[in-house]
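Heads up, the thing below is written out as structure tokens.
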Amino acid sequence: MGEVAESPKINHTFLRDYVTEADVISTVEFNQTGDLLATGDKGGRVVIFQRESESKGETEETGETVDSGEYNVYSTFQSHEPDFDYLKSLEIEEKINKIRWLPQQNAAHFLLSTNDKTIKLWKVSERDKRPEGYNLKDEEGRLKDISTITSLQVPVLKPTDLMVEVRPRRVFSNGHTYHVNSISVNSDGETYLSADDLRINMWHLGITDRSFNIVDIKPTNMEDLTEVITAAEFHPHHCHLFVYSSSKGTLRLCDMRASALCDKHTKLFEEPEDPGNRSFFSEIISSVSDVKFSHNGRYLLTRDYLTAKVWDLNMDKGPVETYQVHEYLRSKLCSLYENDCIFDKFECVWNSSDSVIMTGAYNSFFRMFDRETGRGVTLEAWRESSKPRAVLRTRRVYTGGKRRRGDVGVDSLDFTKKILHMAWHPSENIIAIAATNNLYIFQDRVNPDTQTQ
């Protein structure tokens, strides 16, 4: 018998893993209620997801609550386009660096989005009625001949299909010479800050043509530059306080009541360096990539390359808690430097009660740490866990000793699959994880009534 020729097969794995650069998610942010979730990508697009209303009924068979609470696409719009700085002959990417929601004042929602240079304020609103019966316009919107109008009628609003409108309300440009890395809305609801490598500006939401410079660390001679600003955030309750982090691993708390230009900080948070661990990579891995105030405003959470740290605002001598995210990579720093992974900027977030912190890692892993016990868990964001009611599985990186089934060796980690961006629901145990071009949303189902961790 002759051999049966195999029919050509499509490599679905290749198609599934093929990702265009423009589709890579670059920021994730819940709004203040958690009902809306916005993502920005490297293509300049913003996608808003809305949480569906949950059913309160219970199934007779299992007694479990029949609630989906799923997030579905609410609106998609192009926030930024590629631009060109003709003065410096530099291309300006359309990539969305940060998104921040404004506190909701009425039925509409407002959000800020920024690329490297330009910040935009967007209004997101719904419309389910349309006016009909204009006197001067016909049904298609064209002007009527006034001589043909013999009577006047009162226009009426008639129901129509729900439409979500996204319109730009303000464009804040020409405020930064260097790349914008942070925006933060003030608790006063009227101002926000934006930070680049060397300066922090404060803007009024209603004024686009000028901003107030509150931090400027640019030296007279750029050869004397020793550090850059990596992140900045307003205090959640006190509108006069803000913090910014640097590439040297320091945090500076500033009080705008003390001085208009906050070049002199109120407090400096810095951890003394251990001379025994000093190496060529020390300064690179100590650079703070993200800083977040706790919800109660008492603590600061920071992330550097290998660790996550919690700082008490009343103790500036060093962090009160230090969590090893992936200490096993310390021996791999040389190869991580060669492939530029050592410069990856991981974000960190608090849960709603400030009792648990979360941050990302490689191989589609992310870490959670319980502050009370100090214990950490490694979880994996992968396609199988995105199925309905699938349980997140814990993972373990093998570094020595007895190897368990399912352990992943350090040499087997995939450094192209990195979890850099994430968000935690402001009041529930729902997390959003950005893994390349995929957005994973997980919910704690252990006790949905009390939402305990």
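Assuming R0 = 45 Å, what is the FRET efficiency of Gln78 and Ser353, from their Cβ-Cβ distance, to the nearest 0.05? It comes to 0.75. Values (i) 1.13; (ii) 1.01; (iii) 1.06 are given for comparison; Cα Rg over 2.2 N^0.38 Å, derived from the coordinates here, is the one labelled (i).
By a 1.4 Å probe calculation restricted to protein chains, Asp224 has an accessible surface near 100 Å², given to the nearest 10.
A simple rule links phi to the HN-Hα coupling: the Karplus curve 6.51 cos²θ - 1.76 cosθ + 1.60 with θ = phi - 60°, which for the range 350-359 gives 9, 7, 5, 9, 6, 9, 9, 10, 9, 8 Hz, with x for Gly and Pro. Length gained on full extension, Ser147 to Arg169, computed as 0.36 nm times the residue gap minus the Cα-Cα distance: 4.1 nm. Normalised by the number of residues in the chain, the mean separation of alpha-carbon contacts (under 8 Å, six or more apart) gives a relative contact order of 9 percent. Normalised by 2.2 N^0.38 Å, where N is the number of residues, the C-alpha radius of gyration of the range 172-300 stands at 1.09.
Considering only Trp382, Gly133, Tyr362, and ranking their Cα positions along the charge dipole of the chain that arises from unit charges at the beta-carbon of Lys, Arg, Asp and Glu, the one farthest toward the positive end is Tyr362. Converting phi to 3J(HN,Hα) with the Karplus coefficients 6.51, -1.76 and 1.60 and the offset θ = phi - 60°, the range 373-378 yields 9, x, 7, x, 10, 9 Hz in sequence order, with x at every glycine or proline. The largest accessible area among Tyr398, Tyr323, Tyr86, Tyr74 belongs to the first residue in Tyr86, Tyr398, Tyr74, Tyr323, and the rest follow in falling order (1.4 Å probe, all chains). The phi-based Karplus calculation (6.51 cos²θ - 1.76 cosθ + 1.60; θ = phi - 60°) puts the 3J(HN,Hα) values of the range 41-50 at 10, 6, x, x, 8, 10, 10, 10, 10, 10 Hz, whole numbers, x for Gly and Pro. With R₀ fixed at 35 Å, the C-beta to C-beta distance from Lys88 to Ser335 puts the FRET efficiency at about 0.55.
Taking all protein chains together and rolling a 1.4 Å probe, Tyr328 ends up with roughly 50 Å² accessible.
Treating r as the C-beta distance of Phe212 and Ala107 and R0 as 41 Å, the FRET efficiency rounds to 0.85. Over all directions, the projected convex hull of the C-alpha atoms in the range 323-426 averages 7.7 nm² in area.
Using the average count of surrounding beta-carbon atoms within 10 Å as a protection proxy, the listed peptides 98-105, 315-322, 156-163, 354-361 rank, highest first, as 354-361, 98-105, 315-322, 156-163. Excluding ligands, DNA and RNA, the accessible surface per residue across the chain is 56 Å² with a 1.4 Å probe.
Taking the chain, the Cys residues with no second Cys beta-carbon under 4.7 angstrom are Cys239, Cys334, Cys341, Cys348. Here the gap between Glu126 and Val377, fully extended at 0.36 nm per residue and compared with their Cα-Cα distance, gives a gain of 86.3 nm. Counting only heavy atoms of the protein chains and using a 1.4 Å probe, Arg169 has close to 110 Å² of accessible surface.
The values are calculated or read from the model by the stated rules, or taken from the named source; none is laboratory data. Every value quoted in this text rests on a predicted model; they were computed, and no experiment measured them. Backbone-built Cβ (ideal geometry, glycine too); neighbour counts: all protein chains shown. The accessibility values were calculated without ligands, DNA or RNA, using every heavy atom of the protein model including side chains. Shrake-Rupley method; radii C 1.70, N 1.55, O 1.52, S 1.80 Å.
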